[in-house]
Each structure stands twice: as C-alpha cells, then as structure tokens.
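A.B. asks: The structure's right below; bear with me while I get my questions together.
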Amino acid sequence: MSIFWEKGFAHTSLCDLEKVTGVNKSGLYSEFADKEDLFLHTLQHFIDTDHSHQFLYEEPLGWKNIEDHLKHGIRKKGKKGSYCVNTVRDLEQLPPKAKRLLNQRGEKIKEILLKNIKNTNTKKDPTMLVNMIVTFYYGINLRTYTEDLKKLEVEVDDFLKFLKA
C-alpha cells in the first residue's frame, strides 16, 4: 500500500512493487493476477481498516467532528495526503472496481457529513456545505505535499469560520 500511496497506481511499476515487498515478480503473480489485482486488494484493505473518518461519528454530531476530520487529514504521521485522495489523481487509469470502491466510500462519508451538518441547525443548504467540505478536504490533503502543515491547520479553522458564518 505504501508505494501506491506515494506514487499512485499509474506510476507504480512492477519493479517498485518487488522492491517494497521483497517479493519477486513470480511470487507476486502467484498471489495476485496482476498489478491491478494487487492494487485493488490494497485499496479494499485500506477502506476496511481505515478509521480516519471516525471523528464524524462522535456524539454530539456537529462542527467539532468536521473540524477533527479535516485536521486529521493533514496530521497523518509519516504520510502525505490521503490514500483515497491520492488514488483519485489516477482516476482515468484506475480499474472500474477501484472507481466503485472510491465512490462508495465517498458516499458514506458524505452521508455522515450531512448528519453532522444537519445537527448544527445551520440556515445554509446542508448538501451544498457537504460538497464544499469534500472539495476542501481533497484540496487540503493534496497540499500537504508542498505546504506547511501548521499553515494548513489555520486554513481549516478559517474555512470552518466561513462555513459557520
């Protein structure tokens, strides 16, 4: 997973996979049909075991959960961005099953974001706010590659002030 996280599906070679796993090509192909199959297994494993959006389920639902979720996205130790966000960079090259997995995960996150927003009693359109938050989340995660993380945390605070106003 680490090499796909770092380089993406399209830019990860068989040689990269051999180096990072310590398993040669024949060993990899004895377990997985091809690079796509290995990638799909890592993506499914990430989705099954990742708890980065756990904050969105904390009671009481509301802005604090959304803040914690956004800030967690930029605080991952030793990791840049989000595995799923980074994967979207290669959307055109992804296998159809990967696109479905990403869409399903995205819809679940949107559902719990919507519940959090509805619990704030905002006068703004909750669906529009969800879409803004998701777009912001993708952007802020990609920016972890080039920008100071403390600066990005301040931007999360500013973004949330804007949404709450």
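Conditions tested, residue by residue: (1) without any contact (Cβ under 8 Å) to a residue 60 or more places away in the chain; (2) open to solvent by less than 40 Å² (accessible area, probe 1.4 Å); (3) touching a Gly at 6+ places or on another chain (Cβ under 9 Å); (4) small (Gly, Ala, Ser).
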position	(1), (2), (3), (4)
ILE3	yes, yes, no, no
THR21	yes, no, yes, no
GLY27	yes, yes, no, yes
LEU40	no, yes, no, no
LYS97	yes, no, no, no
LEU114	yes, no, no, no
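A.B. asks: Of all residues in the stretch 42-56, which are modelled with pLDDT of 90 or more and either farther than 30 Å from SER13 by Cα or surrounded by 15 or more Cβ atoms within 10 Å (Cβ to Cβ) (or both)? Steps first, answer last, please.
C.D. replies: The initial filter retains those residues of the stretch 42-56 that are modelled with pLDDT of 90 or more, namely 42-49, 54-56.
Across the stretch 42-56, the qualifying residues are THR42, LEU43, PHE46, ILE47, GLN54, PHE55, LEU56.
A.B. asks: Any idea how many residues of the stretch 29-38 are among the aliphatic types (A, V, I, L, M) and either at positive phi or open to solvent by 60 Å² or more (accessible area, probe 1.4 Å) (or both)? Even if it seems obvious, please write down each step before you answer.
C.D. replies: Step one: of the stretch 29-38, the residues among the aliphatic types (A, V, I, L, M) are 33, 38.
Going one step further and asking which of them are either at positive phi or open to solvent by 60 Å² or more (accessible area, probe 1.4 Å) (or both), we end up with 33.
Residues that pass the stated criteria total 1.
A.B. asks: I need a count of the residues in the stretch 125-162 that are open to solvent by less than 70 Å² (accessible area, probe 1.4 Å), assigned to a loop (DSSP other than H, G, I, E, B) and either without any contact (Cβ under 8 Å) to a residue 40 or more places away in the chain or of a type in the set (Lys, Arg) (or both).
C.D. replies: 1
A.B. asks: What number of residues within the stretch 50-70 are polar (S, T, N, Q) and farther than 21 Å from LYS7 by Cα? Talk me through it step by step, then tell me what you get.
C.D. replies: Going through the stretch 50-70, the residues polar (S, T, N, Q) turn out to be 52, 54, 65.
Imposing the further condition that a residue be farther than 21 Å from LYS7 by Cα reduces the set to 54, 65.
Counting residues in the stretch 50-70 that are polar (S, T, N, Q) and farther than 21 Å from LYS7 by Cα gives 2.
A.B. asks: Residues in the stretch 57-75 that are touching a residue at least 24 places away in the same chain (Cβ under 8 Å), surrounded by fewer than 18 Cβ atoms within 10 Å (Cβ to Cβ) and assigned to a loop (DSSP other than H, G, I, E, B): how many?
C.D. replies: 3
A.B. asks: Give me the pairs, please: first residue somewhere in the stretch 44-56 and without any contact (Cβ under 8 Å) to a residue 40 or more places away in the chain, second residue anywhere and open to solvent by 30 Å² or more (accessible area, probe 1.4 Å), beta-carbon distance under 7 Å, and either six or more positions apart or on two chains.
C.D. replies: SER52/HIS72; PHE55/ASP68; PHE55/HIS72
A.B. asks: Now, a different point. In a helix (DSSP H, G or I), closer than 25 Å to GLU147 by Cα and open to solvent by 50 Å² or more (accessible area, probe 1.4 Å): is that true of LYS80 in this structure?
C.D. replies: Details: in a helix (DSSP H, G or I): no; closer than 25 Å to GLU147 by Cα: yes; open to solvent by 50 Å² or more (accessible area, probe 1.4 Å): yes.
No.
A.B. asks: Being part of a loop (DSSP other than H, G, I, E, B), closer than 21 Å to GLN93 by Cβ and either under 18 Å from the mean Cα position of the chain (by Cα) or among the aliphatic types (A, V, I, L, M) (or both) is the filter here; which residues of the stretch 1-29 pass it? Break it down into steps so the answer makes sense when it comes.
C.D. replies: We begin by selecting, within the stretch 1-29, every residue part of a loop (DSSP other than H, G, I, E, B); these are 1, 8-13, 22-24.
Those still in the list that are closer than 21 Å to GLN93 by Cβ too: 1, 8-13.
Within the stretch 1-29, MET1, GLY8, PHE9, ALA10 qualify.
The values are calculated or read from the model by the stated rules, or taken from the named source; none is laboratory data. These numbers were taken from a predicted model, which means no experiment stands behind them. Every residue, glycine among them, receives a Cβ derived from its backbone with ideal geometry; neighbour counts consider all protein chains shown. Side chains are part of the model used for accessible areas, which takes the heavy atoms of the whole protein and leaves out ligands, DNA and RNA. Shrake-Rupley method; radii C 1.70, N 1.55, O 1.52, S 1.80 Å.
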